[in-house]
Protein chains: 2
Amino acid sequence: MKVVTTIAEMRKIRASLKPPLGFVPTMGYLHQGHLSLVKKARAENPSLVVSIFVNPTQFGPREDFKQYPHDTEHDLALLEKADIVFMPTADEIYPPAFSSWVGVGKVSERLEGACRPGHFRGVATVVAELFNIVQPTRAYFGQKDAQQAVVIKKIVADLNMNLEVVVLPTVREPDGLAMSSRNSYLNHKQRQAAVVLYQALCLAQKLWSQGEKDAQIIRQQMTNLIQKEPLAKIDYASVADPQTLEELDRVEAGALVSLAVKIGKVRLIDNVVLE
Amino acid sequence: MKVVTTIAEMRKIRASLKPPLGFVPTMGYLHQGHLSLVKKARAENPSLVVSIFVNPTQFGPREDFKQYPHDTEHDLALLEKADIVFMPTADEIYPPAFSSWVGVGKVSERLEGACRPGHFRGVATVVAELFNIVQPTRAYFGQKDAQQAVVIKKIVADLNMNLEVVVLPTVREPDGLAMSSRNSYLNHKQRQAAVVLYQALCLAQKLWSQGEKDAQIIRQQMTNLIQKEPLAKIDYASVADPQTLEELDRVEAGALVSLAVKIGKVRLIDNVVLE
């Protein structure tokens with residue numbers, strides 16, 4: 001495994017990597033969710049690049065960019081099976097006169113996009129850059145960030161980027177909490193309270209299995225459950241079309257049920273697709 | 001030469017073309033300006049793709065999209081030395097649910113961007129798509145559309161697109177009028193009047209050669225000259241930084257002198273770089 005920090009070196013090495021090339025873009029502080037992507041990408045491709053880059057443009061001014069957790073040594077130890085770990089500086093990705101961006105329209109304005117204005121523009125822009133630099137055959141993302149996966153699939157399809165986007169299931173702690181680098185912000189009590197997201201998603205799945213077709217009832221039942229947890233504050237509880245992310249009136253199979261909930265000051269997201 | 005109309009077929013054939021690949025994107029109705037790009041691209045690359053696509057998203061609602069001149073048979077006859085002529089339909093490039101965009105910030109908001117809001121967003125988006133589909137080694141553009149060349153260089157640099165942008169000199173009629181598909185809109189009197197753009201640019205070049213350093217005087221002198229032509233109406237007369245396109249107070253070598261002038265209802269642009 002080799003660590004590469006400049007775009008120029010990454011491009012040079014890219015030319016020597018045997019295709020197909022798997023790519024796992026991350027913001028570091030790796031957990032089992034990331035490692036499931038790495039494992040799959042390793043199994044499906046003779047070459048593997050993992051990137052670690054905490055992307056400033058996807059954080060809002062009052063968000064946790066400066067506190068975002070990092071442990072590069074630990075990350076690199078976990079990535080020994082990658083061919084290349086690409087760790088560009090912010091100046092490489094956003095040089096002083098940088099002014100271009102990639103936007104995605106309505107699908108990026110709902111849910112996370114409504115709570116975090118500009119977030120997906122930042123995501124789409126950095127992902128476009130990384131794809132252009134790394135030129136992967138397949139790029140791997142987690143279902144935990146469901147809207148991010150939708151947005152990235154959309155720019156890849158719309159802009160005819162020459163790669164396949166692979167989305168893999170959310171990896172969970174034994175009690176159901178979705179793995180996330182931000183879980184490290186939770187204190188003991190908050191960690192216990194955080195399971196309420198998964199419980200609410202399980203409730204939605206159960207209501208749907210029992211024949212509930214009214215999306216508003218499912219949203220309301222999830223909201224009621226979460227409101228019983230004193231440490232939790234809901235940003236949104238959504239039952240939406242999985243492609244357009246428009247809120248549904250009548251639930252259909254494949255609907256995306258998603259949540260954003262603050263546990264203390266820690267904002268967590270999770271989702272489940274109704275089967 | 002083979003005509004390709006679908007993205008799927010273009011991708012497939014792309015894989016068989018010998019690199020490096022030259023690419024000339026056009027909106028058709030080809031003239032000597034386009035052909036100078038084709039000739040250079042042919043000379044510099046073993047493979048050559050030319051695209052013909054009148055891009056709806058770069059036209060404003062009151063602009064000439066529907067009237068834009070076309071003569072595909074003539075164009076194809078002129079392109080016999082290309083390997084591939086890529087002529088996608090609007091539905092291929094913008095399918096019904098299309099919603100992604102590439103934007104370029106301030107450099108796209110001045111001059112043409114100020115007169116034609118959204119124009120460069122349309123240009124940047126279609127060019128990003130075409131680059132992703134065709135995957136050229138080098139793409140060729142004319143200096144006549146100076147701001148377009150600046151915008152495209154900017155997105156290629158910012159988004160780390162893996163190609164070289166080559167900009168070639170404006171090709172002119174014997175009296176100096178820059179070649180343009182839109183010259184076909186001019187009637188006989190307008191065609192005679194249209195030479196005033198080139199005359200004004202020559203005046204700017206002459207003033208600069210004689211030591212004039214005040215940009216406002218150069219702008220004013222050009223304006224005065226153009227206003228003497230009864231059929232001409234100025235959109236802008238600019239002396240700007242060639243990278244940022246900010247208007248200059250004091251002229252420096254390399255400054256971009258550019259004009260947009262309506263001759264009757266026909267809007268023409270032209271420019272010269274002060275040497």
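The values are calculated or read from the model by the stated rules, or taken from the named source; none is laboratory data. Since the model is a prediction, treat every value here as computed from it, not as a measurement. Here the Cβ is made from the backbone with ideal geometry for all residues, glycine too, and neighbour counts use every protein chain on show.
Points to keep in mind about this one:
- The range B:159-187 - residue that is charged (D, E, K, R) and in a loop (DSSP other than H, G, I, E, B) and, of those, farthest from the chain's Cα centre (by Cα): B:ASP175
- Residue within the range A:171-189 that is exposed (fewer than 15 other Cβ atoms within 10 Å of the Cβ), in contact with a strand residue (DSSP E or B) (Cβ under 9 Å, 6 or more places away or on another chain), free of Cβ contacts under 8 Å to residues at least 12 places away in the same chain and of a type outside the set (A, V, I, L, M) present: no
- Residue under evaluation B:VAL126, criteria (1) more than 12 Å from chain A (Cβ to nearest Cβ); (2) out of contact with any Leu (no Cβ under 9 Å at 6 or more places or on another chain), criterion not met: (1)
- Of all residues in the range A:130-147, one or more are more than 13 Å from the chain's Cα centre (by Cα) and closer than 17 Å to A:PRO56 by Cα.
- Residue check, A:GLN221 surrounded by fewer than 19 Cβ atoms within 10 Å (Cβ to Cβ) and either closer than 30 Å to A:VAL54 by Cα or touching a residue at least 60 places away in the same chain (Cβ under 8 Å) (or both): no
- Every residue from the range B:235-245 that is touching a strand residue (DSSP E or B) at 6+ places or on another chain (Cβ under 6 Å) and in a loop (DSSP other than H, G, I, E, B): B:PRO242
Per-residue answers, yes or no, for (1) surrounded by 22 or more Cβ atoms within 10 Å (Cβ to Cβ); (2) among the polar types (S, T, N, Q):
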{"residue": "B:LEU231", "(1), (2)": "no, no"}
{"residue": "B:ILE234", "(1), (2)": "no, no"}
{"residue": "B:ALA237", "(1), (2)": "yes, no"}
{"residue": "B:THR244", "(1), (2)": "no, yes"}
{"residue": "B:GLY254", "(1), (2)": "no, no"}
{"residue": "B:SER258", "(1), (2)": "yes, yes"}
{"residue": "B:LEU274", "(1), (2)": "no, no"}
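- Filter result for A:PHE65 (within 14 Å of chain B (Cβ to nearest Cβ) and among the hydrophobic types (A, V, I, L, M, F, W, C)): no
- Filtering the range A:42-73 to residues that are touching a Leu at 6+ places or on another chain (Cβ under 7 Å) and within 20 Å of A:GLU129 (Cα to Cα) leaves A:SER47, A:VAL49, A:VAL50, A:SER51.
- Any hit, the range A:54-66, residues being modelled with pLDDT under 95, part of a loop (DSSP other than H, G, I, E, B) and closer than 28 Å to A:PRO20 by Cα: no
- Any chance B:VAL134 is within 14 Å of chain A (Cβ to nearest Cβ), more than 22 Å from B:ASN271 (Cβ to Cβ) and hydrophobic (A, V, I, L, M, F, W, C): yes
- From the list A:ALA97, A:ALA114, A:ALA157, the one residue that fits, being surrounded by fewer than 22 Cβ atoms within 10 Å (Cβ to Cβ), within 9 Å of chain B (Cβ to nearest Cβ) and under 20 Å from B:SER100 (Cα atoms), is A:ALA157.
- Across the range A:2-19, the number of residues qualifying as in a loop (DSSP other than H, G, I, E, B) and buried (at least 17 other Cβ atoms within 10 Å of the Cβ) comes to 1.
- Test: residue in the range B:27-41 that is among the hydroxyl-bearing types (Ser, Thr, Tyr), away from chain A (no Cβ under 14 Å) and surrounded by 15 or more Cβ atoms within 10 Å (Cβ to Cβ): yes
- Filter result for B:ARG138 (touching a residue at least 24 places away in the same chain (Cβ under 8 Å), surrounded by fewer than 24 Cβ atoms within 10 Å (Cβ to Cβ) and either touching a strand residue (DSSP E or B) at 6+ places or on another chain (Cβ under 6 Å) or polar (S, T, N, Q) (or both)): yes
- Failed criterion for A:SER51 (all others in (1) among the polar types (S, T, N, Q); (2) within 14 Å of chain B (Cβ to nearest Cβ); (3) more than 30 Å from A:CYS115 (Cβ to Cβ) hold): (3)
- In the range A:188-228, the residues that are part of a loop (DSSP other than H, G, I, E, B) and either in contact with a Leu (Cβ under 6 Å, 6 or more places away or on another chain) or closer than 19 Å to A:PRO174 by Cβ (or both): A:ALA194, A:VAL195
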